[in-house]
Amino acid sequence: MPYSTKQQQAVLHCLEQRREELLTAADLAEDLRRDGCPVGLATVYRQLEKLEQAGRVHKVNTEEGAFYQFCSHDANGHRDCFLLKCEKCGCIRHLDCSHLQTLYDHLEQDHHFRINPRRTLFLGLCEQCAGKEAEEDHGTHQ
């Protein structure tokens with residue numbers, strides 16, 4: 001990331017501290033205020049936009065609004081970073097997996113469609129929810 005302000009570093013640090021969570025801009029502004037770094041909501045949004053463009057943050061748009069999550073991967077030329085969302089519990093997991101590169105290449109070469117993996121969200125069931133569902137299915141079929 002070429003140039004960053006104190007405010008941008010504070011927003012990034014806050015996201016990094018809560019890397020497993022999805023946060024709204026309002027959540028971040030509140031955390032920063034509590035930590036003695038009062039930053040206006042408009043400034044938080046501006047910094048989040050810059051951080052997203054730099055590949056340091058994932059932006060997830062939902063019916064409830066936009067959420068942000070820290071990304072530890074460098075966006076420059078890095079196409080293997082994406083998100084997994086559990087349809088049952090709603091958790092979102094950030095994942096780096098080179099196996100999807102084959103799919104990206106296929107779609108681009110054969111279908112002339114270029115995926116933006118940093119904005120790609122795969123929906124399914126997390127391991128915990130899938131296990132619970134399997135237990136429930138097993139219990140009803142006895």
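For residue 121 and residue 6, what does the FRET efficiency come to when R0 = 30 Å and r is the distance between their Cβ atoms, rounded to the nearest 0.05?
So, using R0 = 30 Å, E works out to roughly 0.45.
Only four residue types carry charge here, +1 at the Cβ of Lys and Arg and -1 at the Cβ of Asp and Glu. Report the dipole size of the chain about the Cα centre in Debye, rounded to the nearest 20.
Numbers: 17 positive and 23 negative charges, 149 e Å.
For the chain, the charge dipole is close to 720 debye.
Between segment 76-138 and segment 26-43, how many Å separate their Cα centres?
31 Å
Could you work out how far apart the two model spin labels at residue 98 and residue 13 are, taking each label as a point 7 Å from the Cα in the direction of the beta carbon, and quote it in nm?
Result: 3.4 nm between the two label points.
From the convex hull of the Cα coordinates of segment 1-72, what is the mean projected area in square nanometres?
4.4 nm²
Mind checking the alpha-carbon convex hull of the chain and giving the volume per residue in Å³?
Values: hull volume 21.1 nm³, N = 142.
Measuring per residue, one finds 148 Å³ for the Cα hull of the chain.
Using 22 Å as the Cα-Cα cut-off, could you pick out the over-long pairs in 59/85; 59/88; 6/85; 50/85?
The pairs that break the limit, which is 22 Å between Cα atoms, are 6/85; 50/85.
I need the calculated FRET efficiency for the pair residue 21 and residue 109, taking r as the beta carbon distance and R₀ as 35 Å, to the nearest 0.05. Please list the in-between numbers first.
Numbers: r = 37 Å, r/R0 = 1.05.
Approximately 0.40, to the nearest 0.05.
Read the figures in this text as sums done on the coordinates, not as results from a lab. Just so it is clear, the model here is predicted, and its values are computed rather than measured. When we count neighbours, we look across all protein chains shown, and the Cβ atoms used for this are built from the backbone with ideal geometry, even at glycine.
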